[in-house]
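The values are calculated or read from the model by the stated rules, or taken from the named source; none is laboratory data. Since this is a predicted model, take the numbers as computed values, not measurements. Note that each Cβ is placed from the backbone with ideal geometry, even for glycine, and that neighbours are counted across all protein chains shown. We work out accessible area using only protein heavy atoms, side chains counted, and drop any ligands, DNA or RNA first. Shrake-Rupley method; radii C 1.70, N 1.55, O 1.52, S 1.80 Å.
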Amino acid sequence: MVRSIESVAVIGAGTMGAGIAAASAAAGCRVLILDMNEDTVEAALQQVAEEDRDLVVTGLVDADLEAVSGYDWVCEAIVEDLSVKRNLFSRLEEIRKDGSVISSNTSGIPLRQISEGMPQRFRSDVAITHFFNPVKVMRLFELVPGDETDQEVISAFAEFGSGRLGKGVVHAKDTVNFIGNRIGCFFMLSGLHLAKPFLADGMSQETIDGVLGAPIGLPPTGLYGLIDLIGLDVMELVGKNLAANLPDADVGHEFTSFPDAEQRMHDSGQLGRKAGGGFYRQSKTPDGERLKESFDLASEDWRDAQTPHLEGVPMELGSIVFHDSPEGELAWKIFGGTLKYAASLVPEIADDVLNIDNAIRWGFNWVHGPFEMLDHLGPRRVIDRIRAEGEELPMMLEVLDKAGVGSFYRDQGREYLGIDGEYHPVSSSAD
Ligand code: NAI
């Protein structure tokens with residue numbers, strides 16, 4: 001059955017639901033917004049641009065759920081709780097019309113757990129549609145089918161995501177945290193642990209963020225600044241979800257909890273920007289001057305922020321990762337470690353390097369994706385170093401090595417290396 005999405009019912013009008021509703025209305029769709037809480041619904045309506053508001057109908061889940069039958073896409077964006085979500089889906093399944101499609105915006109619950117025991121129509125029509133926050137700004141839209149989802153349903157979501165919402169569609173699999181957060185959270189959680197010896201040797205957090213930011217093509221928040229932005233509470237939940245759902249042999253198991261000092265920060269409510277400070281905080285002195293402070297992880301006390309010490313350190317990806325200095329070593333351990341991890345995850349989390357690169361560029365605002373970065377570093381050089389360190393090659397570097405080629409992309413990015421060791425046109429990757 002060919003599906004087409006012209007109207008959207010969003011259930012759950014918090015941060016994500018409100019964003020999805022506003023984006024859909026801005027794309028000219030009729031939109032229904034439902035929540036349990038009247039004030040939340042009203043606040044979500046206020047986020048819809050004024051000129052689009054006549055496309056929007058609002059209501060409460062208990063009183064108005066029947067209205068869902070008038071919409072093509074039923075998008076669930078309620079609290080991250082499996083049994084609450086399943087309960088809602090069971091009710092929705094009785095109401096939604098034939099031919100409609102249904103999705104969850106979950107950031108971590110496996111689709112197979114949501115679908116288990118649900119009617120066949122649900123299992124054919126459901127997907128995970130994972131937007132990033134803020135929906136209006138972030139380009140990434142991860143699309144995850146279940147084992148029994150119809151291809152037409154996936155095509156309809158992909159077409160709507162890219163054609164109507166202007167998002168970058170990435171095809172992900174039903175694996176923990178999908179693509180963007182699987183790799184992005186590995187960078188953050190492994191980074192906290194692997195940075196410890198460098199901190200112990202006197203490298204400052206500011207220098208660590210200085211290395212793990214602009215020079216390698218990552219946003220200037222680096223490592224600690226990024227976690228401040230996301231929140232230590234969110235990172236803790238992500239870690240627990242990883243611990244429960246990562247495959248047994250995954251190296252990420254080493255990094256699913258915080259180091260001790262970070263755990264104490266979390267437990268005392270020092271959660272990041274939203275809580276007035278995490279690794280950094282900004283305040284005003286009594287005379288109105290701006291004061292930037294850092295939370296020193298060694299003394300576990302606040303001190304004045306320092307400027308990063310980067311004298312003599314090359315400010316360019318290819319040079320810094322191989323630079324013979326503590327900063328170069330840090331870049332190799334943390335950032336190189338993340339690139340190796342990404343290279344080990346094809347085909348587990350995505351069919352090809354392209355979907356991984358797109359997810360990281362669009363979801364984490366890296367200038368280049370992990371495989372584009374590896375090409376920049378020179379995959380052969382990376383392979384030599386991994387071998388010299390006595391480690392096994394991750395999957396995609398092994399593929400590249402066996403194929404006897406020198407890069408993941410060729411012909412100016414028009415072709416990518418597949419897991420079969422052959423190059424394929426970029427346009428042939430499902431998009
Ligand atoms: P939120 O807490 O801002 O909003 C959730 C809303 O759902 C609340 O307004 C609440 O009243 C409502 N709600 C709870 N139970 C309900 C029910 N049974 N029926 C109707 N409404 C109900 O949460 P947020 O951040 O918008 O997250 C929603 C979903 O999106 C979660 O599954 C979350 O994991 C996921 N997500 C969140 C991201 C983020 O950065 N905040 C990013 C990507 C996904």
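Tell me the Kirkwood radius of the chain: reciprocal of the mean inverse pair distance over distinct alpha-carbon atoms, in Å. Don't jump to the answer; show the numbers that get you there.
Values: mean 1/r = 0.0434 Å⁻¹.
That comes to 23.1 Å for the chain.
So what's the angle, to the nearest 10 degrees on a 0 to 90 scale, between helix 180-194 and the longest Cα principal axis of the chain? Tilt relative to the chain: about 30 degrees. Relative to the longest principal axis of the Cα atoms of the chain, the long axis of helix 38-47 makes an angle of roughly 70 degrees.
Summing Lys, Arg as +1 and Asp, Glu as -1, what charge do residues with Cβ under 12 Å from the Cβ of L232 carry, L232 excluded? Don't jump to the answer; show the numbers that get you there.
Values: positive: R264, R273, K274; negative: D228, D233, E236, E262, D267.
Counting the neighbours of L232, the net charge comes to -2.
Report the calculated FRET efficiency for S7 and E348 (r = Cβ-Cβ distance, R0 = 30 Å), to the nearest 0.05.
So the FRET efficiency works out to roughly 0.25.
Relative to the compact-globule estimate of 2.2 N^0.38 Å, the Cα radius of gyration of segment 180-304 comes out at 1.08.
Can you put K136, K340, K97 in order of accessible area, largest first, using a 1.4 Å probe?
Details: K136 185, K340 40, K97 70 Å².
The most accessible residue leads, giving K136, K97, K340.
Over segment 1-53, the ratio between the Cα radius of gyration and 2.2 N^0.38 Å evaluates to 1.11. To the nearest 10, the accessible area of Y71 is 20 Å² with a 1.4 Å probe. A full extension of the chain between L237 and E152 corresponds to an added length of 27.2 nm, given 0.36 nm per residue minus the alpha carbon distance. Here segment 319-428 is treated as a Stokes sphere of Kirkwood radius computed over C-alpha pairs; at 4 °C and 1.567 mPa s its diffusion coefficient rounds to 92 µm²/s.
Using the Kirkwood radius built from alpha carbon pairs, what does the Stokes-Einstein equation give as D for segment 1-126 at 37 °C and 0.692 mPa s, in µm² per second? Present the calculation step by step, with values, prior to reporting the outcome.
Values: Rh = 14.4 Å.
Roughly 227 µm²/s, to the nearest whole number.
Taking 0.36 nm per residue of separation and subtracting the Cα-Cα distance, full extension of the segment from Q282 to R264 would add 4.4 nm. Cross-link check: pairs K173/K402; K173/K333; K274/K340; K136/K292; K340/K402; K97/K173 evaluated at a Cα-Cα cut-off of 23 Å; pairs beyond the cut-off: K173/K402; K173/K333; K274/K340; K136/K292; K97/K173.
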